[in-house]
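**Q** Starting off with a structure, shown below.
The values are calculated or read from the model by the stated rules, or taken from the named source; none is laboratory data. Here the structure is a predicted model, which is why all the values come from computation and not from measurement. Reconstructed Cβ throughout: ideal geometry from the backbone, glycine too, with neighbour counts over all protein chains shown. Calculation scope for accessible area: heavy atoms of the full protein, side chains included, ligands and nucleic acids excluded. Shrake-Rupley method; radii C 1.70, N 1.55, O 1.52, S 1.80 Å.
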Amino acid sequence: MTSLESIDKNITLELGRIKKLVNSFNFTQPIEFNLKNIHETILKKDYGFSGIYLFEIKNSKSFDSFKDWTDDFETKWTSTEGKFPKLIKKRIKMHSKIQEWTPLYLGKSQHIMKRIKEHLTLPLEHGTYALKLLNRSNMNMYTFRVRVIRIGVENYDTILPLIENEFRNKIHPITGKQ
């Protein structure tokens with residue numbers, strides 16, 4: 001076995017360990033907010049660390065099915081011009097019934113609070129992909145929540161994309177890309 005084959009074998013083993021480890025990670029208690037009370041809730045948190053974050057959106061009780069809810073949400077989500085995450089039909093199909101909360105967006109960051117603020121405050125025309133919630137008046141009627149997992153590793157650029165991908169495949173957020 002060459003050195004490269006040996007390294008490849010070890011990486012394969014470590015990837016398996018990462019996949020198993022993801023199941024043991026727990027998100028923090030959620031911070032629930034709407035766009036009116038955002039400054040008193042989420043923007044006061046001290047998330048000055050690296051890790052994974054998850055935005056979720058509360059479903060309205062006025063819909064009979066998840067498809068009805070997503071059709072309505074898609075109309076509102078796409079009615080705003082700007083650069084923001086698209087709805088992913090393949091992931092939407094992974095949610096078969098209406099739940100109280102739907103995973104909206106999953107991401108990773110070396111500074112979670114900075115990235116959460118971008119998702120909330122960036123202007124619609126800003127080139128960075130973000131939810132840009134405060135600049136989307138058609139999102140005012142929704143309740144959101146954010147949960148995080150602190151992950152501090154030296155090899156962030158190698159490990160966090162793998163963990164993010166595992167969570168994305170497990171949670172199926174309805175927007176975002178990777």
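**Q** Does the range 36-54 contain at least one residue that is within 16 Å of N169 (Cα to Cα), part of a helix (DSSP H, G or I) and touching an Asp or Glu at 6+ places or on another chain (Cβ under 9 Å)?
**A** Applying the first criterion (within 16 Å of N169 (Cα to Cα)) to the range 36-54 yields 52-54.
Add one more test, that the residue is part of a helix (DSSP H, G or I), and what stays is none.
No, the range 36-54 contains no residue that is within 16 Å of N169 (Cα to Cα), part of a helix (DSSP H, G or I) and touching an Asp or Glu at 6+ places or on another chain (Cβ under 9 Å).
**Q** Which residue pairs have Cβ atoms under 7 Å apart, sit 6 or more places apart or on different chains, and have a first residue in the range 35-48 that is closer than 12 Å to L120 by Cβ and a second that is part of a loop (DSSP other than H, G, I, E, B) and open to solvent by 50 Å² or more (accessible area, probe 1.4 Å)?
**A** Hits for this filter: L35/N140.
**Q** Within the range 60-112, can you find the residues that are among the polar types (S, T, N, Q), open to solvent by 20 Å² or more (accessible area, probe 1.4 Å) and within 28 Å of S50 (Cα to Cα)?
**A** Once the filter is applied, which keeps residues that are among the polar types (S, T, N, Q), open to solvent by 20 Å² or more (accessible area, probe 1.4 Å) and within 28 Å of S50 (Cα to Cα), the range 60-112 yields only Q110.
**Q** Still on this structure: Can you tell me which of E100, E81 is in contact (Cβ under 8 Å) with a residue 24 or more places away in the chain, under 19 Å from S60 (Cα atoms) and out of contact with any helix residue (DSSP H, G or I) (no Cβ under 9 Å at 6 or more places or on another chain)?
**A** On the way: E81 fails: under 19 Å from S60 (Cα atoms).
Sole residue among the options that is in contact (Cβ under 8 Å) with a residue 24 or more places away in the chain, under 19 Å from S60 (Cα atoms) and out of contact with any helix residue (DSSP H, G or I) (no Cβ under 9 Å at 6 or more places or on another chain): E100.
**Q** I need a count of the residues in the range 140-178 that are of a type in the set (K, R) and open to solvent by 60 Å² or more (accessible area, probe 1.4 Å). Don't jump to the end; show me each part of the working.
**A** Step one: list which residues in the range 140-178 are of a type in the set (K, R), which gives 145, 147, 150, 168, 170, 177.
Among the residues that remain, those that are also open to solvent by 60 Å² or more (accessible area, probe 1.4 Å) are: 150, 170, 177.
Adding up the residues that qualify gives 3.
**Q** Another question, if that's okay. Keeping to the range 1-29, report how many residues are open to solvent by 50 Å² or more (accessible area, probe 1.4 Å) and either part of a helix (DSSP H, G or I) or under 16 Å from E56 (Cβ atoms) (or both).
**A** Number satisfying all stated conditions: 19.
**Q** What's the total number of residues in the range 82-130 that are of a type in the set (D, E) and within 16 Å of the chain's Cα centre (by Cα)?
**A** Summing the residues that are of a type in the set (D, E) and within 16 Å of the chain's Cα centre (by Cα) in the range 82-130 gives 1.
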